[in-house]
1. What residues have an amide H closer than 5 Å to that of Gly243, excluding those fewer than 5 places away on the same chain, when H is modeled at 1.01 Å from N in the peptide plane?
2. Roughly speaking, what is the centre-to-centre gap between region 228-276 and region 179-208 when only Cα atoms are used, to the nearest Å?
3. Which length gain, in nm to one decimal place, applies between Glu237 and Ala102 when the Cα-Cα distance is subtracted from 0.36 nm times their residue separation?
4. What is the gain in length, in nm to one decimal, between Ser75 and Glu252 on full extension, counting 0.36 nm per residue of separation less the C-alpha to C-alpha distance?
5. Between region 102-131 and region 8-55, what is the separation of their alpha carbon centroids in Å?
6. Which log10 I(q)/I(0) values does region 3-135 give at q = 0.13, 0.20 Å⁻¹ under the Debye formula, counting every alpha carbon as one identical point scatterer?
7. Take the alpha carbon gyration tensor of the chain, find the square roots of its eigenvalues, order them as a ≥ b ≥ c, and report rounded if a/c is under 1.5; if not, report prolate when a/b exceeds b/c, else oblate.
8. To the nearest 0.05, what FRET efficiency results for Ser123 and Arg173 with a Förster distance of 45 Å applied to their C-beta separation?
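Each reported figure results from applying straightforward, stated rules to the coordinates on display, with no laboratory input. Note that the structure is predicted; figures quoted are calculated from it, not measured. As a convention, Cβ positions derive from the backbone with ideal geometry for all residues, glycine included, and neighbour counts pool all protein chains shown.
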Amino acid sequence: MSGATQARATPAAGGVLWRQDGDRVLVAVVHRPRYDDWSLPKGKLHPGEHPLAGAAREVAEETGARVEVGRRLASVEYPFGDDGAIKQVSYWAMRYRDGEHAPGDEVDRLRWATVAEATQQLSYPADRGVLADFARLPGDTRTLLLLRHAKAGKRSDYSGDDRLRPLDKMGRRQARDSVAALLAFAPQRVLAADRVRCEQSVRPVADQLGLPVHSAPALSDEAWDKDPDAGLAAVRELLAQPGTTLICSQGETIPALLEQLGVPGAPHPCRKGSVWALSVADRGVVAADYYPRPYS
């Protein structure tokens, strides 16, 4: 895409909002009276807003639902307006938690439908493609978030016990700024390797959720190097629990754990402050999304 086109691109985000109805999966489609069309809920991002946080916000605004974000879906782009502008829309799967739709000027109707019914009702091929991407994998997955701790300065510059090395000024900012994106996943458990910098990296989001930060000593680099089986067993136990688990660990343990869990693409990137979001079904990891900068 040319630089001129990029300059006219408008970022947006949305989701396939779904819920379980007995043995059926139902998805939400919305009617926009301005266009008299049926679409997936979506909208433009606020300046500086992380697409993941913006997607959860837009879906909540258009549907009234509180959501739990899951795996990343296809992104689409299409022209809009009369000046050659392009809208770029990123999508995620989103589990419905609760909430009711209130008709408004932007969205006056919401319909829960099976994937087949929604495919027929959606007005645009791009939306149907996103829905097909959602349907190709199980919707009812669990999420494991693997966060590498934020910046903590150089080890060589810290004279004390390295387990006590705290986040530096940039790292504290990264931890605060990552909260909006991490909240979109609605973690139900928060753990950290027994390093101060790991605990500090998840403390802001844990405080927002009203959750304790549990210690995970088996998931420090030193512990993993000595006994990787113990670390893997601890993670597999967490994977058996429903909902979303957030773990903060270190730069050697996370890539090794991804390899043990069968995530393709080794060597796996793992920059400081980054997050891997793993979607897990009964057969194991079915999707893995890497967010190098969840804080911006």
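1. Thr143
2. Computed from Cα coordinates, the inter-centre distance equals 15 Å.
3. Between Glu237 and Ala102, full extension yields 44.6 nm more.
4. So the extension gain works out to 60.6 nm.
5. Taking the Cα centre of region 8-55 as reference, the centre of region 102-131 is 9 Å away.
6. Here log10 of I(q) over I(0) equals -0.50, -1.21.
7. Taking the square roots of the gyration eigenvalues as a ≥ b ≥ c, the chain is prolate.
8. It comes out at approximately 0.60.
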